[in-house]
Amino acid sequence: MKAFVFPGQGSQFVGMGKDLYESNALAKELFDKADEILGFKITDIMFAGTDEQLKETKVTQPAVFLHSVISALCLGDEFQPAMVAGHSLGEFSALVAAGALSFEDGLKLVAARANAMQKACEQNPGTMAAIIGLPDEKVVEICDSVSKGGKVVVAANFNCPGQLVISGSKEGIDEACELLKAAGAKRALPLKVGGAFHSPLMQPAKDELQAAIEATAFNVPSARSIRM
């Protein structure tokens, strides 16, 4: 049994997809189609942009989606998963890879998601941090104490025992990280993201994305898909 897991925002890097574009005809066709659908040459930023350009939510999300989906499709007959999964944004990559969404519809939804989240990020600036080496309950307790003080910070992604991600306002994250390190966290690592994803600060984006999803046609997937 084969299972493929697709990453979320934060896994981007300058140069992503360039080797595929230059060596695979299908990849070139899909990347060129993506430039047309998005209305700007995202390939220029992916292949030779700067870290700051690639970090913008409206760029990062379609870039990670494109790299993930096109990499999977270019595997050809080798890509025959019994199961696919995606972390956050990766859920959309998984749905396209499993045939539940077309490439075009998947990219349009990701672009709508990215633009909605970009607006939310600009309205409510924030960030995220990975916390390593503390029990989940302790992280939640400290985040709650910071939130009661008027700053937004929540435990957002429970990745595995001893490693989770917190999300919130920059002030909330800074205070929580200091308290978490004082409580014994091995690391409190800021993430390369452009906003407070999976936090209450994203509510406006959630409402906007819901409307886009409800207007999109979904197919029966060829593999079981799981959201992470």
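The values are calculated or read from the model by the stated rules, or taken from the named source; none is laboratory data. Quick caveat, the model's predicted, so the values are computed rather than measured. Please note: Cβ atoms are built from the backbone with ideal geometry, for glycine as well, and neighbour counts cover all protein chains shown.
Remarks
- You will find that of ALA129, ALA111, ALA176, the residue that is under 16 Å from the mean Cα position of the chain (by Cα) and assigned to a helix (DSSP H, G or I) is ALA111 and no other.
- Residue, nearest to MET128 (Cα to Cα), within region 18-70, restricted to residues that are assigned to a loop (DSSP other than H, G, I, E, B) and of a type outside the set (Val, Ile, Thr): GLU56
- Every test in (1) in the same structural domain as LYS55 (by TED's automatic domain parsing); (2) among the polar types (S, T, N, Q); (3) surrounded by 12 or more Cβ atoms within 10 Å (Cβ to Cβ) is passed by GLN210 save one, and that test is (3).
- Residue check, ILE131 free of Cβ contacts under 8 Å to residues at least 40 places away in the same chain, under 29 Å from LEU209 (Cα atoms), touching a helix residue (DSSP H, G or I) at 6+ places or on another chain (Cβ under 9 Å) and β-branched (Val, Ile, Thr): no
- Criterion (aliphatic (A, V, I, L, M) and touching an Asp or Glu at 6+ places or on another chain (Cβ under 8 Å)) met by exactly one of ILE70, ILE42: ILE42
- Test: VAL84 is surrounded by 15 or more Cβ atoms within 10 Å (Cβ to Cβ) and in a helix (DSSP H, G or I): no
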